[in-house]
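Chemist: Dropping the structure in here first, questions after.
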Amino acid sequence: MADKIIIFDTTLRDGEQSPGASMTREEKLRIAKQLERLGVDVIEAGFAAASNGDFESVKAIAEAIQDSTVCSLSRANDRDISRAAEALAGARSKRIHTFIATSPLHMESKLRMTPEQVYEQARMAVRFARKFTDNVEFSPEDGSRSEVDFLCRVIEGVIDEGATTINIADTVGYAVPELFADLISTLRQRIPNSDKAIWSVHCHNDLGMAVANSLAGVRAGARQIECTINGLGERAGNTALEEVVMALRTRRDFFDLEVGIDTTQIVPASRLVSGITGFVVQPNKAVVGANAFAHASGIHQDGVLKQRSTYEIMRAEDVGWAANKIVLGKLSGRNAFKQRLQELGISLDSEEEVNAAFQRFKDLADGKADIFDEDIHALVSDRTVHHEKQEYVRLVSMGQSSEMGESPLARVTLWIDGQEETHECSGNGPVDATLKAIEAMVPSGAEMTLYSVNAISGGTEAQGEVTVRLAKGGRIVNGVGADPDIIVASAKAYISALNRLHSKSERVNPQIGTP
């Protein structure tokens, strides 16, 4: 039997540290359940000590997940570890992941601690965490820039205290594959008790080498990879789960390693995370990008038609892409719709959510001849299906007029906290006029830092998916809207973002320094 690689997903913790990617408890729970369907071995549910919201999210995920280990991050102090242990109390399988910086730069400039103090703190943290679970992971933050002698001493010490996983963090994406592999090999060879722990790698993508560094670490003996869906993460992101998993699977002849991932759930997971966070997947993104299995060159098309393996090293269906459009229309029943959701790996939490998604499907089918799987994903990814009573603002109706040489005019009617209000406004274009009319009725004072349009499927009938990012007072929120009318989609996205700004459950994104 080939060795198994443990897939440790940190989308809900490190991924959430992307500015604007902060999620509510319900959204994190939806993603966690999809990660469980995906077959992720360890789900890092959050940083329980970061906020009450994160604590409640970790707690809810720990109680809901049955088939994956649930993990909480903690700094190397008793308070963080106790908070993590409390949040994880209901987990069927749990892990505490504690960390402290070990590079000279971090110890001196950030921690203001001597190496001896860091060494003692690391040992005490692992010793304390072991009181709550025998599954303890330790990370030397900024490990790739740490001095090897000191790193060896710290890691030997924490393994002596009972750490079962040692995670080498390339926190700032500084490593290159050859040197990173040498570091892992050196540590494993020099540390006397290295065989008593599983070695892990956690790589950031600042130089575009996170996946390459992770795979190099695996070749050097690491047996856990820390990664995120779509490579989501602070700055340039983290190692992309879909890329390392498919690299290990496609090149098993080279790696000779097993992964326990159900790869057909990769695309559904990618779409769910993209929809909830508002971070659109670039078309040429490996594995999950819209163009990942597209062939425009005549030579390539001819080769694929004759034999797919001429230009395809993976099958689209193996990662969850569906080639066929959904055979449903406005006369289709609810049971057929539910069956298709199941085939697409989409799980809704209640009959109320299914009914709401089905009604949106029927509304779309009235105006769009062909309904694609991508359309279904957009319908059900309405970012945690909100009940009307929970929405501060809701779009009632809208219209606009524009002619060449004339200023476009938009008329928007909103339901605002129980009352309807209508406003007209002109703008540089119909979208600008519409959003100005909304802002006039619901003055947020927020800065729009992102407006992005993405076609969900091909053709002129395609739904447009719009992402709007608003920033106010250090708070960053995303709103996403989908509709065949791109101006309506824009209004939906802007209103979604306004509701998030107004919501008390949407918390400030945690920006605590972490691996």
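Chemist: Scan segment 286-297 and give yes if some residue there is modelled with pLDDT of 95 or more and part of a loop (DSSP other than H, G, I, E, B), otherwise no. Walk me through how you get there before you give the answer.
Modeler: Filtering segment 286-297 down to residues modelled with pLDDT of 95 or more leaves none.
No, there is no match, as no residue in segment 286-297 is modelled with pLDDT of 95 or more and part of a loop (DSSP other than H, G, I, E, B).
Chemist: Okay, moving on. Those residues that are closer than 25 Å to I198 by Cβ and in contact with a Gly (Cβ under 8 Å, 6 or more places away or on another chain), I need them from segment 17-33; list them, please.
Modeler: Hit for segment 17-33 is Q17, nothing else.
Chemist: Taking into account only those residues within segment 69-84 that are without any contact (Cβ under 8 Å) to a residue 60 or more places away in the chain and among the hydroxyl-bearing types (S, T, Y), which is surrounded by the most Cβ atoms within 10 Å (Cβ to Cβ)?
Modeler: Kept after step one, since they are without any contact (Cβ under 8 Å) to a residue 60 or more places away in the chain, are these residues of segment 69-84: 70, 72, 74, 76-84.
From the residues that got through so far, the ones that are among the hydroxyl-bearing types (S, T, Y) too are 72, 74, 82.
Numbers: S72: 33, S74: 26, S82: 18.
If we take residues in segment 69-84 being without any contact (Cβ under 8 Å) to a residue 60 or more places away in the chain and among the hydroxyl-bearing types (S, T, Y), then S72 is surrounded by the most Cβ atoms within 10 Å (Cβ to Cβ).
Chemist: Determine whether K59 is among the basic types (K, R), assigned to a helix (DSSP H, G or I) and without any contact (Cβ under 8 Å) to a residue 60 or more places away in the chain. Spell out how you get there, then give the answer.
Modeler: Values: among the basic types (K, R): yes; assigned to a helix (DSSP H, G or I): yes; without any contact (Cβ under 8 Å) to a residue 60 or more places away in the chain: yes.
Considered against the rule, which asks whether it is among the basic types (K, R), assigned to a helix (DSSP H, G or I) and without any contact (Cβ under 8 Å) to a residue 60 or more places away in the chain, K59 comes out as yes.
Chemist: Return the pairs, sorted by first residue and then second, in which the second residue is not in a loop (DSSP other than H, G, I, E, B), the first residue lies in segment 231-256 and is among the aromatic types (F, W, Y), the beta carbons are less than 7 Å apart, and the residues are 6+ apart or on different chains.
Modeler: Taking only residues 6 or more apart or on different chains, the pairs are F255/V218; F255/L248.
Chemist: Would you confirm whether or not segment 68-77 contains a residue that is at pLDDT below 95 and within 25 Å of A125 (Cβ to Cβ)? Let's see the steps before the verdict.
Modeler: Keep residues of segment 68-77 that are at pLDDT below 95, which gives none.
No: segment 68-77 contains no residue that is at pLDDT below 95 and within 25 Å of A125 (Cβ to Cβ).
Chemist: Tally the residues that are in contact (Cβ under 8 Å) with a residue 60 or more places away in the chain and open to solvent by 20 Å² or more (accessible area, probe 1.4 Å), restricting the search to segment 483-503.
Modeler: 8
Chemist: Quickly run through segment 417-433 and pick out the residues that are within 19 Å of H502 (Cβ to Cβ) and not in a strand (DSSP E or B). Give the derivation first.
Modeler: Just the residues of segment 417-433 that are within 19 Å of H502 (Cβ to Cβ), to begin with: 417-421, 423.
D417, G418 - these are the residues of segment 417-433 that are within 19 Å of H502 (Cβ to Cβ) and not in a strand (DSSP E or B).
Chemist: Out of (1) in a loop (DSSP other than H, G, I, E, B); (2) open to solvent by less than 20 Å² (accessible area, probe 1.4 Å); (3) among the aliphatic types (A, V, I, L, M); (4) at pLDDT 85 or above, what's the single condition that is false for I326?
Modeler: Failed condition: (4).
Chemist: Which ones in segment 192-223 are surrounded by 24 or more Cβ atoms within 10 Å (Cβ to Cβ), outside any helix (DSSP H, G or I) and not hydrophobic (A, V, I, L, M, F, W, C)?
Modeler: Matches in segment 192-223: S200, H202, H204.
Chemist: Then there's this: Could you go through segment 85-106 and let me know if any residue there is among the acidic types (D, E), modelled with pLDDT of 95 or more and either closer than 18 Å to S194 by Cα or within 27 Å of the chain's Cα centre (by Cα) (or both). Steps first, answer last, please.
Modeler: Quick first cut of segment 85-106, residues among the acidic types (D, E) only: 86.
Of the ones still in play, those that are also modelled with pLDDT of 95 or more are 86.
Right, trim to either closer than 18 Å to S194 by Cα or within 27 Å of the chain's Cα centre (by Cα) (or both) and you get 86.
Scanning segment 85-106, I find at least one residue that is among the acidic types (D, E), modelled with pLDDT of 95 or more and either closer than 18 Å to S194 by Cα or within 27 Å of the chain's Cα centre (by Cα) (or both), so the answer is yes.
The values are calculated or read from the model by the stated rules, or taken from the named source; none is laboratory data. Only a predicted model underlies this, so the values are computations on that prediction, with no experimental measurement involved. Positions of Cβ are backbone-derived with ideal geometry, glycine not excepted, and every protein chain shown enters the neighbour counts. Accessible surface areas use protein heavy atoms only, side chains included; no ligands, DNA or RNA. Shrake-Rupley method; radii C 1.70, N 1.55, O 1.52, S 1.80 Å.
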